[in-house]
Amino acid sequence: MTAAQHRYKILLLPALLVGLSSIGCAPKNADMLHFLREHEHEVSAIDYRVGIPDAIAIGAPRMLEIDGEAQRIQPDGKINLKLLGEVKVVGMTVKEIAAKLEVLMSRYYVDPKVSVRVVSYASKKYYVFGQAGAAGPKAYTGRDTLLDAVLNSGVNFLSWTSRVKVIRPSRDGSEPLKLTVNVDRMIKKGDWSKNILLEPEDAVYIPPTPFAWFGQRLRELIYPISPAVEAYTAPAQVIYANDVYDDEYRNRGYYQGGRR
């Protein structure tokens, strides 16, 4: 890339920066209503459905055979318990699993009571990327909100949290759903109506602020020049360092008769 092209790109960046900062922050009503409908659907389901390889813990104080058992769901979707053997639990909520175990244990106990909880969420993920120190895949628990994702992502002063995007894959193969939420305003005003409940495979994108974006582009433009500058100045630095080194040795009397 020529020096003229570099200068042109650097001059173009401020215009792009102004255009980027002028984008509206309000999500479209139709988009928001769709995400909120999804939110209501998930809330009505109440509980997380376990998958492979989640792990569950079982509590049954009167039934020592299964009380305190911690089981990871195997590739066939089953757990293995004393007395009961293999029990298929994949795709069930903890309440459904507890009810199933109570029915099975009723062969051996009168009015058995069982509780189940998830101790390791490993089957489903959502993703955080962009200007976040802790970006990457996150364990999906069924209770994860947009605000949870942002606050736990390691945002900093370079994160543009007033323009957070949620990208949700479409279930019918069409274009993914996208929503932009002003998380800053949500926190300042205490309005949780846009704090949507995330779903598995959702992606939360936290963009850099316009100035951070400008700095990144500027660095990308300057970077190709930097190695050449360093290569040009390195010999002079080496010569200067050697001169200082030689002067130090002469001052200490290590060179005698002009020889080392």
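No lab work stands behind these numbers, since they all come straight from the coordinates. From a predicted model like this one, the values you see are computed outputs, not experimental measurements. So basically every Cβ, Gly included, is an ideal-geometry build from the backbone, and we count neighbours across all protein chains shown.
Quick look at the values:
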{"read-out": "Sorted by Cβ density within 10 Å, fewest first, the residues L83, L101, L158", "value": "L83, L158, L101"}
{"read-out": "Net dipole in debye of region 112-215 [+1 Lys, Arg Cβ; -1 Asp, Glu Cβ; about Cα centre; nearest 20]", "value": "260 debye"}
{"read-out": "Potential lengthening between I187 and Y109 on full extension [0.36 nm per residue; Cα-Cα distance subtracted]", "value": "23.0 nm"}
{"read-out": "Order of I97, I58 - criterion: other Cβ atoms within 10 Å of each residue's Cβ, fewest first", "value": "I58, I97"}
{"read-out": "Calculated SAXS-style log₁₀ I(q)/I(0) at q = 0.17, 0.21, 0.22, 0.24 Å⁻¹ - region 55-120, Debye, Cα scatterers", "value": "-0.50, -0.79, -0.87, -1.05"}
{"read-out": "Label point distance in nm, T145-A57, each placed 7 Å from Cα along Cα→Cβ", "value": "2.6 nm"}
{"read-out": "Label-point separation, N152 to V119 (7 Å along Cα→Cβ), nm", "value": "1.9 nm"}
{"read-out": "Listed pairs K88/K194; K82/K125; K100/K124; K125/K188 exceeding 27 Å between Cα atoms", "value": "K88/K194; K82/K125; K125/K188"}
{"read-out": "Charge dipole magnitude, Cβ of K and R +1, D and E -1 - region 55-120, Cα centre, debye nearest 20", "value": "80 debye"}
{"read-out": "Size-normalised alpha-carbon gyration radius of region 97-180, reference 2.2 N^0.38 Å", "value": "1.67"}
{"read-out": "Long-range amide H partners of V155 with built H, under 5 Å", "value": "G133"}
{"read-out": "Fewest-first sequence of V110, V128 by Cβ atoms within 10 Å of each Cβ", "value": "V110, V128"}
